[in-house]
Amino acid sequence: MSGTSGVNRYGGSYASVDGKLVFGQLFSTMMAAPEPVMALEQRFLAIMGTPLAVTASGGALTLSGDKGALTLH
């Protein structure tokens, strides 16, 4: 998989393990941005580094793990 985490591009492998979405070692470019944006990006990447439960409701997809949750609309 690959995507943009706010400032940088990231990517890596993924699998479904015991009903959760698990990402392998993620790679990322190393661009910089103002601190509020970098903090948000680091939180996003930390969440993506844990096994994630996936739920869909009302047109939103939520990924929940030990380090928080992401809701995509």
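The values are calculated or read from the model by the stated rules, or taken from the named source; none is laboratory data. This structure is a prediction, so every number in the text was calculated from the model and none was measured. FYI the Cβ positions are ideal-geometry reconstructions off the backbone, even for glycines, and counts take in every protein chain you see.
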Mind listing just one residue for me: the one in region 5-20 that is of a type in the set (S, T, Y) and modelled with pLDDT of 95 or more and, of those, surrounded by the most Cβ atoms within 10 Å (Cβ to Cβ)?
Y10
Residue, surrounded by the fewest Cβ atoms within 10 Å (Cβ to Cβ), within region 42-72, restricted to residues that are free of Cβ contacts under 8 Å to residues at least 24 places away in the same chain and over 26 Å from M30 (Cα atoms):
G58
Single residue of region 25-49 satisfying the filter (at pLDDT below 95 and part of a loop (DSSP other than H, G, I, E, B)) that is nearest to R9 (Cα to Cα)
L26
Take S28 and tell me if it is hydroxyl-bearing (S, T, Y) and surrounded by 14 or more Cβ atoms within 10 Å (Cβ to Cβ).
yes
Looking at the structure I just gave you, is F23 surrounded by fewer than 12 Cβ atoms within 10 Å (Cβ to Cβ) and aromatic (F, W, Y)?
no
